[in-house]
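Colleague: Below is one structure. I have some questions about it.
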Amino acid sequence: MSAAAVFYLTTLLVYVGVDILAVWSLNLQWGIAGIPNLAWILFQSAGAYTAAVLTLGPSSGNGGFQSYIIGARLPFPLPVLAGGLVAGALAALVGLVVLRRLRGDYQAVVLLVITVTATLLVENFPRFLNGPAGLALIPQPLSSRFASSIGYAWFYVALTAAVCAAVYFLVVRRITGSPLGRALRATRDCDFAAAALGKNIVGLRLFVFVVGGVIAGISGALLVEFITAWSPGGWMYVESLVVFTAIIVGGTGNDFGVMAGALLVPVLFNEITRYIPTFGSPYLVDALQWVVIGGLALLFMWFRPRGLFPERRRTMALGGPGTTVAGPGQAGVEAGRPGASQGSGAGTSTAVGGAGSGL
Amino acid sequence: MSTLIASVGFGLVTASILALAAVGFTLQFGISNLLNLAYGDTMTAAAFAAYLANRAGADLWLMLLIGGAFGAVVSLALNRFVYTPFRRRKTSLFGMVIVSLSVAVIVQNLLLAGFGPSFFTYQIGQSRTLRAGSLALTVNQLLIIALAVAAMLALHLLLTRTRLGKAMRATSTNPSLALGCGINTTRVVGMAWLLSGFLCGVAGVVLVANTTAFQSTTGNDFLVLVVAAAMLGGVGKPYGAMLGALVLGLVTEIAAGIIAPGLKEGFAFALLVLVLLVRPQGLFGDATSRAVAA
């Protein structure tokens with residue numbers, strides 16, 4: 001393979017890893033716990049910006065052409081970890097405002113407002129994170145130890161894969177395949193039933209919101225350290241829709257389904273447009289790409305709302321110890337449809353909100 | 001002090017545009033239980049329709065009419081052919097948000113594909129500036145304020161004095177009971193979408209007439225303020241949306257005039273978060289909307 005092809009391949013693989021982290025993060029929040037996090041991209045970019053300002057060094061560097069806060073030069077794993085921490089802290093803050101008493105679609109819209117406002121703030125205050133121009137020339141971590149840039153690219157692919165594996169085995173699987181995951185699915189499918197069974201709905205949602213936020217932050221930090229630049233144009237709120245579409249296409253709530261979604265939607269779509277010969281004006285392909293993403297979300301919501309690889313329906317036999325209520329098809333704790341995350345009407349959420357805020 | 005007075009003037013103009021938009025948005029939520037995120041892009045589409053009319057020689061009044069009619073038709077079609085079918089399939093509340101967000105992205109990018117990323121301007125001529133002390137507004141801006149006040153009054157009369165308005169309120173409060181009382185709810189919902197779509201289109205045209213230059217993202221950028229105004233007043237409450245628009249319009253312009261222009265939306269947003277923390281049902285929320293917002 002030529003050097004260019006290898007470089008292309010490795011960059012693609014890093015994107016695959018980052019996108020997989022992204023869908024796992026949002027799938028925990030939305031697919032498993034039913035939190036409509038339309039601000040998802042905000043947490044990814046919080047991680048990215050944090051890692052960037054902790055890697056770049058003082059803002060007088062590079063001739064001082066960009067201005068930003070903090071400006072430290074920490075050794076490698078620290079900026080990525082800090083990116084996760086900052087994103088998690090931000091998620092805790094946002095979660096405290098949004099998750100406590102609002103109905104599902106309200107939450108979604110407030111989160112949308114939050115992410116749009118955050119973009120505006122960053123763009124309007126150039127001294128905070130260099131405004132609309134974004135941050136660039138972020139040094140790639142440990143790159144001085146590699147003789148060739150191709151060797152380094154492969155190293156970064158391995159690093160991304162290792163992070164994915166660690167996140168999956170240490171976090172994602174431990175949540176989705178455990179009693180904690182069951183409780184989260186219960187709050188998603190029928191939150192007042194979960195509250196009636198003594199689950200702390202707000203606490204559970206806040207927990208998974210923060211965990212998802214940390215993963216989102218790490219994904220952003222990993223990406224920015226590799227591509228060395230980050231700007232507000234890359235984290236407009238619609239980017240969250242791409243991750244949502246990936247999850248809907250793959251199979252909401254299914255760890256492996258959403259991985260497939262990550263491969264199909266963000267990765268494949270970005271690559272396909274590379275091979276479309278440019279026609280019309282330069283922005284045309286870009287605009288049509290967004291039309292297709294929106295159309296894909298609509299088509300799947302209509303024809304296959306549970307995705308290509310639907311979440312396994314978990315059922316429980318009646319009559320076992322302590323299982324007097326749950327059964328498939330009833331208001332069972334585990335038997336609901338993944339799509340029907342927030343109840344079906346205002347009446348439902350009344351009871352929920354009342355119970356939730358009373359906890 | 002003079003900055004403050006001037007800002008209040010601009011605040012009233014912004015509040016008027018916001019009120020037109022937020023009342024339409026909140027009507028859609030009240031009647032269909034849907035937060036329509038394609039609302040801002042429908043505004044842009046209507047603004048583009050009026051732009052084409054303007055190029056063909058239409059004046060501001062005709063443009064308002066064309067923009068309003070276009071917004072009404074687009075909104076009705078969206079509800080009839082996209083939102084209602086999805087709702088019939090029992091798509092969850094948040095699923096509907098994703099549906100409307102997808103529609104928003106599609107509309108916005110179709111506009112981008114059709115018109116390109118450049119800015120457009122209406123040719124409506126410079127109107128005279130009227131001054132009263134440090135308060136300075138153009139005739140067109142006064143016109144926008146008058147238009148908004150007239151529209152709010154007309155809406156008030158419609159909702160309280162006519163059979164259609166009462167049927168809308170009944171449908172919004174309890175659709176199945178309204179249906180049971182012999183109200184043709186499908187027709188009433190359609191009328192409500194036409195009406196809100198008309199307000200949406202008019203709001204799009206006055207937004208552009210006031211800000212002078214627009215592009216395919218203009219309406220969507222404004223949507224954040226619209227949503228904030230509607231939520232501030234309690235979503236689904238037309239009078240709440242009017243109050244929310246007034247408060248937000250004044251706060252954003254005064255903040256922009258006195259503190260920093262970049263903080264405009266930031267202030268609007270901080271206000272919204274504060275209200276949601278203290279009073280999640282919004283300023284005008286009563287017992288029923290508390291249930292909705294709980």
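Colleague: Go through A:21-34, A:159-172 and give me the packing order, highest mean Cβ count within 10 Å leading.
Modeller: Details: A:21-34: 28.4, A:159-172: 16.4.
Result, highest mean Cβ count within 10 Å first: A:21-34, A:159-172.
Colleague: Rounded if a/c is under 1.5, else prolate if a/b is larger than b/c, else oblate: which is region A:132-172, with a ≥ b ≥ c the root eigenvalues of its Cα gyration tensor?
Modeller: Numbers: a/c = 3.30, a/b = 1.31, b/c = 2.52.
Oblate, because a/c is 1.5 or more while a/b does not exceed b/c.
Colleague: So, one more: Once both labels are modelled 7 Å past Cα along the beta-carbon direction, what's the A:LEU180-A:LEU264 spacing in nm?
Modeller: Placing both labels 7 Å along Cα→Cβ, they lie 3.0 nm apart.
Colleague: Okay, moving on. With only alpha-carbon pairs counted, each pair once and no self-pairs, how large is the Kirkwood hydrodynamic radius of chain A in angstroms? Each step should come with its number before you reach the end.
Modeller: On the way: mean 1/r = 0.0470 Å⁻¹.
When all Cα pairs of chain A are included, the Kirkwood radius is 21.3 Å.
Colleague: Only helical DSSP H runs with n ≥ 4 go in: add -39500 (n - 2.57) per run for chain B, normalise by residue count and round the 222 nm mean residue ellipticity to 500 deg cm²/dmol. Walk me through the numbers before you get to the answer.
Modeller: Details: 13 runs with 221 residues, N = 294.
Helix contribution divided over all residues of chain B: -25000 deg cm²/dmol.
Colleague: Can I ask one more? So what are the radius of gyration and Dmax for the Cα set of the protein assembly as shown, in Å?
Modeller: 25.1, 81
Colleague: Any idea of the total accessible area buried by the A-B contact, 1.4 Å probe, rounded to 100 Å²? Intermediate results must be reported in sequence, preceding the final value.
Modeller: Numbers: alone 16680 and 13950 Å², together 26140 Å².
So the total buried area for this chain pair works out to about 4500 Å².
Colleague: Could you work out what % of the accessible surface of chain B is carbon and sulfur, using a 1.4 angstrom probe and leaving DNA, RNA and ligands out of the count?
Modeller: Details: 7870 of 11680 Å².
Ligands and nucleic acids excluded, carbon and sulfur give 67 percent.
Colleague: Using modelled amide H (1.01 Å from N, peptide plane; none on Pro or chain starts), what sits under 5 Å from the amide H of A:ILE35, excluding residues fewer than 5 places away?
Modeller: Residues meeting the amide H criterion: A:TRP30.
Colleague: Straight-line reach only, C-alpha to C-alpha below 24 angstrom: list the lysines that B:LYS237 could link to, leaving out same-chain residues fewer than 8 apart.
Modeller: Answer for B:LYS237, where 24 Å is the Cα cut-off: B:LYS166, listed by chain and number.
Colleague: Next up: Report the residues of region B:111-134 in range of a label on B:ALA213: point 7 Å along Cα→C-beta, backbone N strictly under 15 Å from it.
Modeller: From region B:111-134, the list is B:117-123.
Colleague: Averaged across the residues of A:119-132, what count of C-beta atoms belonging to other chains lies within 10 Å of each residue's C-beta? It would help to have the intermediate numbers written out before the result.
Modeller: Details: counts 2, 8, 5, 0, 1, 7, 4, 1, 0, 0, 0, 0, 1, 0.
For this peptide, the per-residue mean of nearby foreign Cβ atoms is 2.
Colleague: When the accessible area of each residue in region A:269-294 is compared between its chain alone and the complete protein assembly (1.4 Å probe; ligands, DNA and RNA ignored), which residues differ by at least 10 Å², being lower in the assembly?
Modeller: Those residues are A:TYR283, A:LEU284, A:ALA287, A:LEU288, A:TRP290, A:VAL291, A:GLY294.
Colleague: What accessible surface, in Å², does a 1.4 Å probe find on A:TYR152, ignoring ligands, DNA and RNA and rounding to the nearest 10?
Modeller: Per-residue accessible area (A:TYR152): approximately 10 Å².
Colleague: Right, another one. May I ask you to evaluate 6.51 cos²θ - 1.76 cosθ + 1.60, the Karplus curve with θ = phi - 60°, for each residue of region A:6-17 and list the ³J(HN,Hα) values in order in whole Hz, giving x for glycine and proline?
Modeller: Rounded to whole hertz, the list is 5, 4, 4, 4, 5, 4, 4, 5, 4, 4, 4, x.
Colleague: Still on this model: Can you work out the base-10 log of I(q)/I(0) for region B:164-294 at q = 0.09, 0.11, 0.14, 0.22 1/Å, using the Debye formula on its C-alpha atoms alone?
Modeller: -0.33, -0.49, -0.75, -1.30
Colleague: Between B:PHE119 and A:SER144, what is the label-to-label distance in nm when each label sits 7 Å out along the Cα-to-Cβ direction?
Modeller: The answer from the label model is 4.5 nm.
Colleague: Give, to the nearest whole percent, the P(r) tail of region B:2-293 beyond 33 angstrom, counting all Cα pairs. Write down the numbers at each step before the final one.
Modeller: On the way: 8259 of 42486 pairs.
Of the Cα pairs, 19 percent sit more than 33 Å apart.
Colleague: Moving to a separate point now. Just to confirm the number: angle between the C-alpha axis of helix A:149-167 and the first principal axis of chain A, 0 to 90 degrees, nearest 10?
Modeller: That helix lies at roughly 20 degrees to the long axis.
Colleague: Tell me, which residues of region B:84-125 get at least 50 Å² less accessible area when the other protein chains come in, versus the chain alone (1.4 Å probe)?
Modeller: Output list: B:PHE86, B:ARG89, B:SER92, B:LEU93, B:PHE94, B:ILE98, B:LEU101, B:SER102, B:VAL105, B:ILE106, B:ASN109, B:ALA113.
Colleague: Would you mind finding the longest exposed-site-free stretch of chain B, with exposed trypsin sites (Lys or Arg not before Pro) meaning DSSP loop and at most 14 other Cβ atoms within 10 Å? Can you show the working numbers first?
Modeller: On the way: sites that count: B:ARG89, B:LYS90, B:ARG128.
Formally, the longest exposed-site-free interval is B:129-294.
Colleague: Which shape class, rounded, prolate or oblate, goes with region B:65-134 when its Cα gyration tensor gives a ≥ b ≥ c as root eigenvalues, a/c under 1.5 marks rounded, and past that a/b bigger than b/c marks prolate? Write down the numbers at each step before the final one.
Modeller: On the way: a/c = 2.66, a/b = 2.12, b/c = 1.25.
Cα axes put region B:65-134 in the prolate bin.
Colleague: Using a 1.4 Å probe and ignoring any ligands, DNA or RNA, find the accessible area of B:THR173 and quote it in Å² to the nearest 10.
Modeller: 110 Å²
Colleague: Related question: Taking H placed 1.01 Å from N in the peptide plane, check which residues at least 5 places from B:LEU135 or on another chain put their amide H under 5 Å from its amide H.
Modeller: Close amide H contacts, sequence-distant or interchain: none at all.
Colleague: Leaving out ligands, DNA and RNA, what percent of the accessible area of chain A is carbon and sulfur, probe 1.4 Å?
Modeller: Numbers: 9920 of 14450 Å².
Roughly 69 percent of what the probe reaches on chain A is carbon or sulfur.
Colleague: While we're on this one: Gain in length, A:LEU137 to A:LEU170, computed as 0.36 nm per residue apart minus the alpha-carbon separation, to one decimal in nm?
Modeller: On the way: separation 33, 0.36 × 33 = 11.88 nm, distance 3.25 nm.
Between A:LEU137 and A:LEU170, full extension yields an extra 8.6 nm.
Colleague: Turning to a different aspect of this structure: At B:THR3 and B:LEU153, where each label point lies 7 Å from the Cα along Cα→Cβ, what is the point-to-point distance in nanometres?
Modeller: Result: 3.6 nm between the two label points.
Colleague: May I ask you to give the solvent-accessible area per residue for the protein assembly as shown, in square angstrom, as obtained with a 1.4 angstrom probe? Spell out each step's value before the answer.
Modeller: Numbers: 26140 Å² over 653 residues.
Value for the protein assembly as shown: 40 Å² per residue.
Colleague: Next question, about the same structure. Going by amide H atoms built from the backbone, whose H comes under 5 Å of the H on A:GLY253, apart from near neighbours?
Modeller: Residues meeting the amide H criterion: A:GLY31.
Colleague: Take each uninterrupted DSSP H stretch in chain B, measure its Cα extent along the helix axis, and return the ones at 27 Å or beyond whose mean Kyte-Doolittle hydropathy is at least 1.0.
Modeller: Working: long enough: B:2-32 (44 Å, 1.68); B:93-115 (33 Å, 2.20); B:139-161 (32 Å, 1.88); B:185-211 (38 Å, 1.47); B:238-258 (30 Å, 1.57).
Helices passing the filter in chain B: B:2-32, B:93-115, B:139-161, B:185-211, B:238-258.
Colleague: Something else: Select from region A:86-111 all residues whose loss of accessible area on going from the chain by itself to the full protein assembly reaches 40 Å² or more (probe 1.4 Å).
Modeller: A:VAL97, A:ARG101, A:LEU102, A:ARG103, A:ASP105, A:TYR106, A:VAL109, A:VAL110
Colleague: Divide by every residue of chain A the summed helix terms, -39500 (n - 2.57) for each DSSP H run of at least 4, and state the resulting mean residue ellipticity at 222 nm, rounded to the nearest 500 deg cm²/dmol.
Modeller: Details: 15 runs with 216 residues, N = 359.
The helix contribution divided over chain A gives -19500 deg cm²/dmol.
The values are calculated or read from the model by the stated rules, or taken from the named source; none is laboratory data. Small disclaimer: the values here were computed from a predicted structure and weren't measured. Note: ideal-geometry Cβ built from the backbone for every residue, glycine included; neighbour counts use all protein chains shown. These accessible areas exclude ligands, DNA and RNA; they are computed on the full protein's heavy atoms, side chains included. Shrake-Rupley method; radii C 1.70, N 1.55, O 1.52, S 1.80 Å.
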